[in-house]
Amino acid sequence: MTCTTHVIPAMSATTSTDDSDDVSMDRVVPPPCSLAHMTDMDRRSLLERLVGRPLPWVAWAYAGLAVVWVVLAVVEPSGLHTFMAIVWPILAAIQISSAWYVRRQDRNRAGGADSGHGAS
């Protein structure tokens, strides 16, 4: 997680108007790091980092292909069409559920950030 630091200038120890005698006493204060300060990459799970985030349009494309394979299996039955008509709806269901789950997590994080509570 990456957080930036802030430099707070210290007041001068001398009251003279000559700036050559002043000693810089700046101190570095790190801000509190929380979920609100985390980048999107920090919030992602390992699976999301490796595979990527499931996109809704990809999930619905899987569902469309599943419908095509089911129609083909009904119109022209064969071993391949039947196998694909079974596999593609399962893959589409996994894609749609993963897209729904990620969307729900994003909503929970946004709700937690707005209310000031950390969401996990």
> Here is a list of conditions, (1) open to solvent by less than 60 Å² (accessible area, probe 1.4 Å); (2) at pLDDT below 90, and A113 meets all of them except one; can you say which number that is?
Replying inline: (1)
> Restricting the search to the range 49-63, which residues are in contact (Cβ under 8 Å) with a residue 24 or more places away in the chain and either open to solvent by less than 50 Å² (accessible area, probe 1.4 Å) or more than 30 Å from Q105 (Cβ to Cβ) (or both)?
Replying inline: P54, V58, A59, A63
>> Looking at the range 75-93, can you tell me whether even one residue there is at pLDDT 85 or above, within 14 Å of the chain's Cα centre (by Cα) and surrounded by 13 or more Cβ atoms within 10 Å (Cβ to Cβ)?
In response: no
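The values are calculated or read from the model by the stated rules, or taken from the named source; none is laboratory data. These numbers come from a predicted model, not from an experiment. Methodologically, a virtual Cβ is constructed for each residue, glycine included, from the backbone with ideal geometry; neighbour enumeration extends over all protein chains shown. Accessible surface is based on the protein model in full, side chains and every heavy atom, while ligands, DNA and RNA are left aside. Shrake-Rupley method; radii C 1.70, N 1.55, O 1.52, S 1.80 Å.
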